[in-house]
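Structure record follows, encoded as structure tokens.
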Amino acid sequence: MSIIDFFYSLTLGALFAIGVFQLLRRDLIKSVMGFGLLFTGVNLFLLASGAFRGEVAPYTTNYEAGAQTSDPIVQALILTAVVVSFGSYALLLAMVNIASRRYGTVDSDEITNLTK
């Protein structure tokens, strides 16, 4: 394992840890920011799982002996995950906006009667 892989995995761990920490906060805006960090961490994890060594371009079809190309399925998954995470993030921000206007606060402990 190279030093770059070590720092990449350390960064992924930090993104997941900060995202989960923010997710558990009472402030709804910080919780949404935690979701955003988790979405980014998942995308970077998918990117790491389909990474290549750099010997051959990821879009090439010339399979030389021993050359490892990037997996196109992982690239498609990342593109799909980016679109889904953007839509989910927009929906969460809209829900926080509606809750803050209706109840006058973004503190989840002060919001009551969510079923009405």
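The values are calculated or read from the model by the stated rules, or taken from the named source; none is laboratory data. Note that the coordinates shown come from a computational prediction; the quantities given were computed from them, not determined experimentally. For neighbour counting, all protein chains shown are included, and Cβ atoms are generated from backbone atoms with ideal geometry for every residue, glycine included.
Looking at (1) at pLDDT below 90; (2) in a helix (DSSP H, G or I); (3) surrounded by 15 or more Cβ atoms within 10 Å (Cβ to Cβ), which is the only condition residue 76 fails?
(3)
Limited to region 86-116, what total is found for residues that are of a type in the set (A, V, I, L, M, F, W, C) and at pLDDT 90 or above?
Residues meeting the conditions: 9.
Could you list, in sequence order, the residues of region 1-45 that are free of Cβ contacts under 8 Å to residues at least 12 places away in the same chain and assigned to a loop (DSSP other than H, G, I, E, B)?
1, 2, 24, 25
If a residue has to be within 18 Å of residue 111 (Cβ to Cβ), of a type in the set (A, V, I, L, M, F, W, C), more than 14 Å from the chain's Cα centre (by Cα) and surrounded by fewer than 16 Cβ atoms within 10 Å (Cβ to Cβ) to count, how many in region 7-28 make the cut?
1
Please go through region 88-105 and pick out each residue that is more than 19 Å from residue 37 (Cα to Cα), in contact (Cβ under 8 Å) with a residue 12 or more places away in the chain and among the hydrophobic types (A, V, I, L, M, F, W, C).
Listed by number, the list holds a single entry, 99.
Determine which member of the set 41, 50 is at pLDDT below 75, surrounded by 11 or more Cβ atoms within 10 Å (Cβ to Cβ) and either under 22 Å from residue 20 (Cα atoms) or of a type outside the set (Ser, Thr, Tyr) (or both). Even if it seems obvious, please write down each step before you answer.
Working: 41 fails: at pLDDT below 75.
Answer to the selection: 50.
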